[in-house]
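The values are calculated or read from the model by the stated rules, or taken from the named source; none is laboratory data. Just so it is clear, the structure is predicted and the values come from calculations on it, not from any experiment. Cβ sites come from the backbone with ideal geometry, for glycine too, and all protein chains shown count toward neighbours. Side chains are part of the model used for accessible areas, which takes the heavy atoms of the whole protein and leaves out ligands, DNA and RNA. Shrake-Rupley method; radii C 1.70, N 1.55, O 1.52, S 1.80 Å.
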Amino acid sequence: MIRHLADKAALRREMLARRAALADAEVIRASLAVAARVRELRRWRDAVEILAYWPTKNEIDTRPLVAESWGRGVRVLLPRCRRGEAGVADLACVTREADLAPGAFSLLEPGPACALASDAAPDLVLVPGLAFDREGRRLGFGGGYYDRILARPALAGALVVGLAHGFQLQPELPADPWDRPVDVLCTDEETLWFK
């Protein structure tokens, strides 16, 4: 178990350093390519409700996809970390960028005016990660936020789509029993289906 945790920690450091070293132009190029792949997904085109993330630190930029969803009348949910409860996030409905406010870890998340979506049942979930593998396994920051979100019964029918730069695709990742793999991975180089 100690080796498993050490492997994850080392890979997190490596992926964070590689992502931090990306030039702005490369992040934009990769994000546009990934967004084009997401738009090819039938579930994206048919979605009535999506769960997305607001990008930080050279993650694949979801903002154009979120803005497009708002324009199509799709209900957009974003996670909001629950104060005082590590690893727990609520889902809130966001209707415009101005609704976001700095939250946990200084990340932009739904502000106080955004209603919690207790009835959330997204058709599609866009998830970030530090690394993914060819089995759909995902390595996050280690806080367990997305593991808990994806384990909710209301998300059982959602298509979970990982978004990543090509270098974040690894041959194999260490996994824990509670990890839910993504159903699809969209990188700037390819789309991989696991479900």
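Only protein atoms count toward the accessible area here, which uses a 1.4 Å probe; on segment 139-189, the carbon and sulfur part of that area reaches 57 percent. A protection proxy built from the mean count of other Cβ atoms within 10 Å ranks the segments 171-178, 87-94, most packed first, as 87-94, 171-178. Label reach from Lys57 (point 7 Å along Cα→C-beta): in segment 141-156, amide nitrogens under 14 Å belong to 141-145.
For segment 57-131, the share of accessible area belonging to carbon and sulfur comes to 54 percent (1.4 Å probe, ligands and nucleic acids excluded). Modelled spin labels at Asp7 and Leu116, positioned 7 Å past Cα toward Cβ, are 3.8 nm from each other. As an equivalent ellipsoid, segment 64-189 spans semi-axes of 24, 17, 14 angstrom, where each value is the square root of five times an eigenvalue of the C-alpha gyration tensor, largest first. Springs between alpha-carbon atoms under 10 Å, Gaussian network over the chain: tell me which of Ala47, Ala86, Ala30 tops the mean-square fluctuations. Result: Ala86 has the largest fluctuation of those listed. Solvent exposure of segment 72-195 amounts to 46 Å² per residue of accessible area, where only protein heavy atoms count and the probe is 1.4 Å.
Ellipsoid semi-axes for segment 82-152, based on the Cα gyration tensor and the rule √(5λ), read 22, 15, 12 Å when sorted largest first. Rounded, prolate or oblate, given the Cα gyration tensor of segment 44-129, with a/c below 1.5 counting as rounded? Taking the square roots of the gyration eigenvalues as a ≥ b ≥ c, segment 44-129 is prolate.
Calculated from the alpha-carbon coordinates, segment 1-75 shows an Rg and a Dmax of 15.9, 47 Å respectively. Taking 0.36 nm per residue of separation and subtracting the current Cα-Cα distance, fully stretching the chain between Ala20 and Phe194 would add 59.8 nm. DSSP loop (so not H, G, I, E, B), at most 14 other Cβ within 10 Å: list which GluC sites (Glu not before Pro) in segment 44-104 pass both filters. Counting only loop positions with at most 14 other Cβ atoms within 10 Å, the GluC sites (Glu not before Pro) in segment 44-104 are Glu85. Directionally averaged projected area (segment 1-149, Cα convex hull): 9.9 nm².
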